[in-house]
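The values are calculated or read from the model by the stated rules, or taken from the named source; none is laboratory data. On a predicted model such as this, the values are computed, not experimentally measured, just so you know. Positions of Cβ are backbone-derived with ideal geometry, glycine not excepted, and every protein chain shown enters the neighbour counts.
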Amino acid sequence: MKKKCPMCKGIKPLQEFALDSSKKDGHRSICKACNTTVSSRYKRSAKGVACEGRHYKAVQKRIEEDESYAQRRRDLVNESTSRPEYRESLRRKANTEHGVDARKAQKAVEGAIKSGELQVPSGCSRCGADPGEDKLGRRKLRAIHINGYEPENHLDVEFMCPTCVNRLTKVERLT
């Protein structure tokens, strides 16, 4: 299919016209070559130069604002993480129930499994599914300390598949 360009008066194939979804035939009314001529003439005109300058200034201002915002955020993060109170809170958090006590309980379970005192079942204790093994050949079942991390409960665990563990943590979050 062909179309006539009103500027150069040439009859050209549709591929020579830029796409424009607002037009009836889906293409601009002037050909690409004429469009290039018109746009370059506009850019060289006083109005085009002024418009391009405003656009350039606006873009530069936006870039500077973004950079200053990013720098303020970096400064804020660096300031908050370098404070001694922040470091102390991290240390305290590491020594809470889910820190040192949990690691001790996990080590106790690992030792009991290695020594044969604790047997890993073939399936999940909740749903009975066999989740299989990971890439290293280890079972995907996780030992979950239901009754807490106190030393007397170190070996009181349920072996669950990842799906049941996720369900359990969702229920705990809701309650």
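Checked against the criterion of being modelled with pLDDT under 80, assigned by TED's automatic domain parsing to the domain that holds ASN147 and exposed (fewer than 13 other Cβ atoms within 10 Å of the Cβ), the candidates GLY116, GLY132 yield just one match: GLY132. Among the residues making up segment 34-74, a single one is at pLDDT 80 or above and touching a Lys or Arg at 6+ places or on another chain (Cβ under 9 Å): ASN35. The residues on offer are THR169, THR96, and the sole one that is at negative phi, modelled with pLDDT under 80 and over 28 Å from the mean Cα position of the chain (by Cα) is THR96.
Residue-by-condition table, conditions (1) assigned to a helix (DSSP H, G or I); (2) surrounded by 12 or more Cβ atoms within 10 Å (Cβ to Cβ):
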| position | (1), (2) |
| --- | --- |
| SER29 | no, yes |
| ALA33 | yes, yes |
| ARG41 | yes, no |
| LYS61 | yes, no |
| GLU79 | yes, no |
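Residues in segment 138-164 that are surrounded by 13 or more Cβ atoms within 10 Å (Cβ to Cβ) and without any contact (Cβ under 8 Å) to a residue 12 or more places away in the chain: ASP156 alone.
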